[in-house]
Amino acid sequence: DVKVTQSSRYLVKRTGEKVFLECVQDMDHENMFWYRQDPGLGLRLIYFSYDVKMKEKGDIPEGYSVSREKKERFSLILESASTNQTSMYLCASRTGTSGGPGSGANVLTFGAGSRLTVL
Amino acid sequence: GEDVEQSLFLSVREGDSSVINCTYTDSSSTYLYWYKQEPGAGLQLLTYIFSNMDMKQDQRLTVLLNKKDKHLSLRIADTQTGDSAIYFCAERAPGGSYIPTFGRGTSLIVHP
């Protein structure tokens, strides 16, 4: 099974701190994603990456940046954390190949999430 | 633009059937998905349906697709307390990116 590991399950940071959220997947997936999940708002896409050193803005990229130096690792960076960035952050990956879900294509595999509290 | 709508909460008694509904706007969606998020965990694919199908059954799960009305539903038969979770409907966006669009999620609460 594909495993997506988010290294920190719970973090508490102070306003203005730089925050790194790390995500590692072990199935050689090309595509990786960062979402934030808030009650009543569902999942909102922050950034995604098609492959190493590639990144694309999602729906809410403001206040965030990402890094993908290696295929298996996708990092989300909050340059200066603010209280409105308190949220659950979910990382996901998928194969970049075409095809239907039965082959595993176009199916996202998620990590367990990182709950960030900014004081 | 694309949008996926779901009601936020559903409460049922153990043993009853649950029906979670979803509407979507993009008629060109080829795949529609149901993901399940258990407490403290990430989302996990539960089932999916291809747009040329009307129905898909998988053990206790039945997915119905009404393409004309852009309506998707997930029926869970004999709902158990272990089915308590948030269920997300998602459609595959058209175009090269194929980034799925998720609904806001329906919290299913199963009472003993």
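Miscellaneous remarks
- The GNM of chain B, with springs linking C-alpha atoms under 10 angstrom apart, assigns the highest mean-square fluctuation among B:29, B:51, B:11 to B:11.
- Seen from a random direction on average, the alpha-carbon convex hull of region A:3-42 projects onto 4.2 square nanometres.
- Cα pair count fraction exceeding 20 Å, expressed as % - region B:1-92: 32 percent
- Most fluctuating residue given options B:40, B:15, B:82, as computed from a GNM of chain B linking Cα atoms under 10 Å: B:40
- Contact order, relative form, for chain B: 38 percent (alpha carbon pairs under 8 Å, 6 or more residues apart, mean separation divided by residue count).
- Extent along principal axes [Cα atoms of chain A; Å; largest to smallest]: 43, 31, 24
- Candidate aspartates and glutamates for bridging to residue A:18, where Cα separation is under 14 Å - those fewer than 8 sequence places away on the same chain excluded: A:79
- Under conditions of 25 °C and 0.890 mPa s, the protein assembly as shown yields 135 µm² s⁻¹ as its translational diffusion coefficient, taking Rh as the Kirkwood radius over Cα pairs in the Stokes-Einstein equation.
- The string of couplings for region A:108-119 from the Karplus curve (6.51, -1.76, 1.60, θ = phi - 60°) is 8, 10, 9, x, 7, x, 10, 8, 9, 10, 10, 8 Hz, one whole number per residue in order, with x for Gly and Pro.
- Rounded to whole Hz, the Karplus (6.51, -1.76, 1.60) HN-Hα couplings of region B:57-72, x for glycine and proline: 10, 8, 6, 7, 9, 10, 10, 10, 10, 10, 5, 4, 8, 6, 10, 10
- Restricting the calculation to Cα atoms, region A:32-89 yields a radius of gyration followed by a Dmax of 11.4, 34 Å.
- The local environment of residue A:76, defined by Cβ-Cβ distances under 10 Å, has a net charge of 0 under the rule Lys, Arg +1 and Asp, Glu -1.
- When chain B is treated as a GNM with alpha-carbon contacts under 10 Å, the residue of B:47, B:81, B:23 showing the greatest mean-square fluctuation is B:81.
- Backbone phi angles across region B:14-27, fed through the Karplus curve with coefficients 6.51, -1.76 and 1.60 (θ = phi - 60°), yield HN-Hα couplings of 4, x, 6, 8, 10, 10, 10, 10, 8, 10, 10, 10, 8, 6 Hz in residue order; Gly and Pro are listed as x.
- For residue B:16, distant residues with modelled amide H under 5 Å away: B:79
- Fraction of antiparallel bridges per DSSP, chain B only, in percent to nearest 5: 90 percent
- The mean number of partner chain beta-carbon atoms within 10 angstrom of a residue's beta-carbon across peptide B:48-57 is 1.
- Summing Lys and Arg as +1 and Asp and Glu as -1 over all other residues whose Cβ lies under 10 Å from the Cβ of residue B:111 gives a net charge of -1.
Here, each number is a calculation from the coordinates, and none is a lab measurement. Because the structure is predicted, anything quoted here is derived from the model rather than measured. Positions of Cβ are backbone-derived with ideal geometry, glycine not excepted, and every protein chain shown enters the neighbour counts.
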